[in-house]
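The values are calculated or read from the model by the stated rules, or taken from the named source; none is laboratory data. All figures in this text were calculated on a predicted structure; none of them were measured in a lab. We place every Cβ from the backbone using ideal geometry, glycine too, and count neighbours over all the protein chains shown.
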Amino acid sequence: MKFKIVVIGAGKIAYSLSSSLINANQSVISVISRNAKSAEALAKKFGIEHFTYDLKNIPGKANLFLLTVPDNEISKTANQLSKLKLNFKDSVFIHFSGAENISILHSLKSKGGRTASIHLMQTFPSKKIVKLSGVYSAIETDDDELFQLLKKFCENLGFVPFRIRSQLKPYYHLAGVFASNFMAGTMFIAKKFLEMNDIPPEYFFDLLTATVYSTLDNIKKIGPSKALSGPVDRGDLQTIKKHIEAIRKLKPAGKFDSILILRNYLAQSLNLIDVVQEKQTKLKESQIAIRKYLVQELKKIQKSI
Ligand SMILES: NC(=O)c1ccc[n+]([C@@H]2O[C@H](COP(=O)([O-])OP(=O)(O)OC[C@H]3O[C@@H](n4cnc5c(N)ncnc54)[C@H](OP(=O)(O)O)[C@@H]3O)[C@@H](O)[C@H]2O)c1
């Protein structure tokens with residue numbers, strides 16, 4: 001099936017996706033975005049002739065609609081598309097959300113359209129183009145034939161496609177949130193702790209990432225549990241108590257919300273008890289004592305809120 005592609009939503013992911021499509025000689029015939037200037041900018045960047053802000057102007061030959069609008073606009077965009085005069089039976093509609101499943105495209109499916117979602121496990125913090133070769137792409141569809149078609153389509157773009165089930169998709173998305181989003185949040189806190197030590201700001205990135213990269217390298221080689229080190233792994237309750245005492249002393253009006261940091265510290269450390277359990281099979285007495293202490297502290301702050 002030769003696709004005539006329309007990109008709807010000229011935002012962050014659309015730039016990288018369009019770059020991959022054009023590089024793979026796919027036929028992108030139009031860009032549509034709420035703001036005409038955004039549509040024009042994306043179209044001009046990749047030499048796409050047609051752009052518009054109005055879905056009604058979609059070229060009639062379009063048969064693959066890539067909905068790269070934000071999650072909270074997917075349903076509305078699908079509804080608007082479903083009211084147009086399109087050849088639904090021969091058209092494929094895809095959204096790119098990891099959190100939403102294909103039921104959000106039901107208005108298009110009820111018109112006979114073929115629906116799917118493709119989630120790229122990559123981060124697009126800006127419109128700067130991210131190379132997508134080798135990116136893992138989760139395809140969700142209840143149409144086996146369409147899955148095969150999209151698998152080839154993704155492979156042609158250099159992605160690594162695989163299928164996911166609609167009901168389990170939130171857990172797949174949570175994996176990305178924990179691995180990527182929460183890491184950014186954790187580094188945000190780490191940077192503030194460095195700032196308290198009068199360490200030159202130009203050291204921050206290298207200082208933090210040196211250890212992060214070696215941890216990532218170990219995770220890749222031996223798995224997350226075996227890659228763990230630090231006080232929970234060592235069974236070092238004394239250090240954990242010192243950390244908690246230091247967090248409690250943080251001024252609420254300063255850079256930190258000490259209660260939030262404390263809850264975060266306690267929850268993350270308790271999670272590490274599970275990690276250690278997998279690493280060693282059985283917890284040491286010192287680690288059992290740490291778990292007891294962490295649970296007590298967590299209960300204390302829950303009462304105080
Ligand atoms: N960013 C990531 O890291 C990432 C990663 C994986 C998956 N995704 C998924 O990719 C999708 C797009 O995310 P994004 O980060 O690229 O979003 P984004 O940067 O906010 O871009 C979406 C663009 O769509 C346009 N738009 C908004 N409402 C519209 C509407 N009703 N009709 C037409 N155009 C509309 C807006 O452009 P104008 O207002 O300027 O026209 C907006 O800039 C989401 O489903 C998201 O979950 C994102």
- [ ] State all residues of the range 179-207 that are assigned to a helix (DSSP H, G or I), under 17 Å from PHE256 (Cβ atoms) and more than 16 Å from the ligand (Cβ to nearest atom); if no residue qualifies, say none.
- [x] THR186, MET187, PHE188, ILE189, ALA190, LYS191, LYS192, PHE193, LEU194, GLU195, PHE204
Open item on the list: Looking for something under 24 Å from LYS192 (Cβ atoms) and not in a helix (DSSP H, G or I) - is there at least one such residue anywhere in the range 238-250?
Closed with: yes
Task: Subset of the range 208-227 (residues that are more than 19 Å from SER180 (Cα to Cα) and of a type outside the set (Lys, Arg)) - done: ILE222
Open item on the list: Step by step: first the residues of the range 1-49, then only those that are in a strand (DSSP E or B) and away from the ligand (no atom under 13 Å from the Cβ), then the one that is surrounded by the fewest Cβ atoms within 10 Å (Cβ to Cβ). Which residue is that?
Closed with: SER27
Open item on the list: Residues that are among the charged types (D, E, K, R): list the strands (runs of 3 or more DSSP E) wholly contained in the range 69-156 that include at least 1 such residues.
Closed with: 114-120, 136-140
Open item on the list: Which residue is farthest from ASP233 (Cα to Cα), if the candidates are limited to the range 275-305 and must be at pLDDT below 95 and in a loop (DSSP other than H, G, I, E, B)?
Closed with: ILE305
TODO: Tell me which residues, restricted to the range 66-113, are charged (D, E, K, R) and either touching a strand residue (DSSP E or B) at 6+ places or on another chain (Cβ under 9 Å) or surrounded by 19 or more Cβ atoms within 10 Å (Cβ to Cβ) (or both).
DONE: ASP71, GLU73, LYS89, ASP90, GLU100, LYS109
Task: Filter result for GLY176 (assigned to a loop (DSSP other than H, G, I, E, B) and in contact (Cβ under 8 Å) with a residue 40 or more places away in the chain) - done: no
Open item on the list: For the range 114-128: of the residues being buried (at least 22 other Cβ atoms within 10 Å of the Cβ) and over 17 Å from the mean Cα position of the chain (by Cα), which is nearest to VAL177 (Cα to Cα)?
Closed with: THR115
Open item on the list: Go through (1) within 12 Å of the ligand (Cβ to nearest atom); (2) within 16 Å of the chain's Cα centre (by Cα) for ILE104 and report which single condition fails.
Closed with: (2)
- [ ] State yes or no: is LEU272 surrounded by 14 or more Cβ atoms within 10 Å (Cβ to Cβ), of a type outside the set (Ser, Thr, Tyr) and assigned to a loop (DSSP other than H, G, I, E, B)?
- [x] no
Task: Looking only at the range 231-272, and only at residues there that are modelled with pLDDT of 95 or more and of a type in the set (Ser, Thr, Tyr), the one that is farthest from PHE178 (Cα to Cα) - done: THR239
Open item on the list: Test of understanding: among PHE182, PHE193, PHE188, PHE205, which residue is surrounded by 15 or more Cβ atoms within 10 Å (Cβ to Cβ) and either under 19 Å from GLN277 (Cα atoms) or without any contact (Cβ under 8 Å) to a residue 60 or more places away in the chain (or both)?
Closed with: PHE193
Task: Number of the exception - VAL92 against (1) over 25 Å from the mean Cα position of the chain (by Cα); (2) of a type outside the set (S, T, N, Q); (3) away from the ligand (no atom under 16 Å from the Cβ) - done: (1)
